Amino acid sequence: MAVYTEVSDEELASFITSYDLGDLLSFKGIAEGVENTNYIVHTSKGPFILTLYEKRVEVADLPFYLGLMEHLAAHGVSCPTPVRNAAGENLSTLSGRPAALVTFLEGFWPRRPTPDHCAAVGRAMATMHLGCEGFTMRRANALGLDGWRPLYDRFKLRASEVSTDLSGLVETELAFLEANWPRDLPEGIIHADLFPDNVFFIGDELSGLIDFYFACNDAFAYDVAVSLNAWCFEKDLSFNITKGRAFLRGYEEVRKLTPTERAALPILARGSAMRFLLTRAYDWLNTPKDALVTPKNPADYIRRLRFHQGVRSIADYGLNGTDK
């Protein structure tokens, strides 16, 4: 279970008294999650999610994340909303960790995404991109292009433990991406991690987006590329063009991709595959055997990357020049 910091009944009861949420009734650790400790907390005013931010999260970034969720919720994007305590603060301290309470979002994430799910996610992503307009805080993408080579340098001597040909693949691909990365694309705040487990549905209806802890300023089309990788590949790692078309058409129902964004999408998809290949390879090699969380297999992103290397245009993802 991904509960890194244990909280006692007494500590939590005292913490809840600083909020106008009534009495603490119960709380339970949440098994899912990788970066932080999460509890579902039931009070006499309803359920809430308590997050204790662990060492991998930069404390200085927390006002950005929490402020972004407040801004999005105020601009029509369904997402957890930080709860402010009696002092008007949305960030506090519990058990020696920075901590925040957010509203509970009903729903479940889809284990087997369908084209309808993908279309809904596309619409929600575009709505989020537009909804971030006017949010003045900024956060650089620490896991963008400039961060990939330094991350690779931290494990390249052990790369063969992941895959015998990983070094050659990464070295060649990094050189290509550094030489060809698209510049001057429309940008703003992106989610940067909108995987299926970060999108909730009630039945077939999308109920909201969660986990904004990789959100940052970057190209909108890069966010699109991340979710093409996350939503549109099957378990055998084949690309499902029906899902790709549904996702892209859903996005364009709300926000049209520019011609420059469309042309850049294959390279952006290669880059997003590289980002997750590198972070997963690093975790694969450096997560202790007795860790609470099992690292995800980086080989899944080797296959995705090789697919994108063969893509020539957005039509290979399901959207052609006749789609308006």
### Query
With charges set only on the Cβ (+1 for Lys and Arg, -1 for Asp and Glu), what does the dipole of the range 1-113 come to about its Cα centre, in debye to the nearest 20?
360 debye
### Message
How big is the dipole moment of the range 115-317 about its Cα centre under a simple scheme where the beta carbon of each Lys and Arg is +1, that of each Asp and Glu is -1, and everything else is neutral? Debye, nearest 20, please.
### Response
320 debye
### Summary
LEU237 and MET137 label points (each 7 Å along its Cα→Cβ direction) are spaced in nm at 3.8 nm
### Query
If Lys and Arg each add +1 and Asp and Glu each add -1, what is the summed charge of the other residues whose beta carbon sits under 12 Å from the beta carbon of PHE214?
-4
### Query
Say a paramagnetic label sat at a point 7 Å from the Cα of ALA263, along Cα to Cβ; which residues of the range 180-204 have their backbone N under 19 Å from it?
180-187
### Task
Put one equal scatterer on each alpha carbon of the range 129-257, apply the Debye formula with no solvent term, and list log10 I(q)/I(0) at q = 0.11, 0.19, 0.20, 0.21 1/Å to two decimals.
-0.50, -1.32, -1.39, -1.44
### Query
If you keep only loop residues by DSSP, which trypsin sites (Lys or Arg not before Pro) in the range 175-244 have at most 15 other Cβ atoms within 10 Å of their Cβ?
ARG183, LYS235
### Extreme residue, positive dipole direction of the range 115-317, given options ALA315, ALA175, VAL121 (C-beta unit charges)
ALA175
#### Entry: In the range 108-143, trypsin sites (Lys or Arg not before Pro) in a DSSP loop with at most 15 other beta-carbon atoms within 10 Å
ARG111, ARG138
### Query
Among ASP23, ASP211, ASP236, which one shows the biggest mean-square fluctuation in a GNM of the chain, springs joining Cα atoms closer than 10 Å?
ASP236
### Summary
Set LYS28/LYS156; LYS55/LYS243; LYS235/LYS256; LYS28/LYS243; LYS55/LYS289; LYS28/LYS55, cut-off 28 Å on Cα-Cα distance; pairs above it are LYS28/LYS156; LYS55/LYS243; LYS235/LYS256; LYS28/LYS243
### Charge sum, other residues only, whose C-beta stays under 12 Å from THR258's C-beta, Lys/Arg counted +1 and Asp/Glu -1
-1
### Message
Using just the Cα positions, wrap the range 9-103 in a convex hull and report its mean projected area in square nanometres, one decimal place.
### Response
6.2 nm²
### Query
Over the range 88-165, what lengths in whole Å, largest first, do the semi-axes of the equivalent ellipsoid take, defined as the square roots of 5 times the eigenvalues of the alpha-carbon gyration tensor?
31, 25, 18
### Message
Expected output is a single nm value to one decimal: the length gained when fully extending between ALA87 and LYS256, i.e. 0.36 nm times separation in residues minus the C-alpha distance. What is it?
### Response
56.6 nm
### Message
What does the net charge come to around TYR19 if you take all other residues with beta carbon closer than 15 Å to its beta carbon, with K and R at +1 and D and E at -1?
### Response
-2
### Summary
Tilt, helix 220-231 to longest principal axis of the chain (alpha-carbon atoms), in degrees rounded to tens, equals 90 degrees
### Message
Please list, by residue number, everything in the range 44-60 whose backbone N is under 20 Å from a paramagnetic label point 7 Å out along Cα→Cβ of PHE108.
### Response
47-49
#### Entry: Counting DSSP beta bridges with both ends in the chain, the antiparallel % (nearest 5)
95 percent
### Query
From Cα coordinates alone, what are the radius of gyration and Dmax values for the range 58-113 in angstrom?
13.3, 43
### Query
Out of ALA264, TYR282, PRO295, whose Cα points farthest toward the positive end of the dipole of the range 252-295 (charges: +1 Lys, Arg; -1 Asp, Glu; placed on Cβ)?
ALA264
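The numbers here are math on the coordinates, done by the rules we state, and not lab data. Please read these numbers as outputs of a predicted model, since none were measured by experiment. FYI the Cβ positions are ideal-geometry reconstructions off the backbone, even for glycines, and counts take in every protein chain you see.
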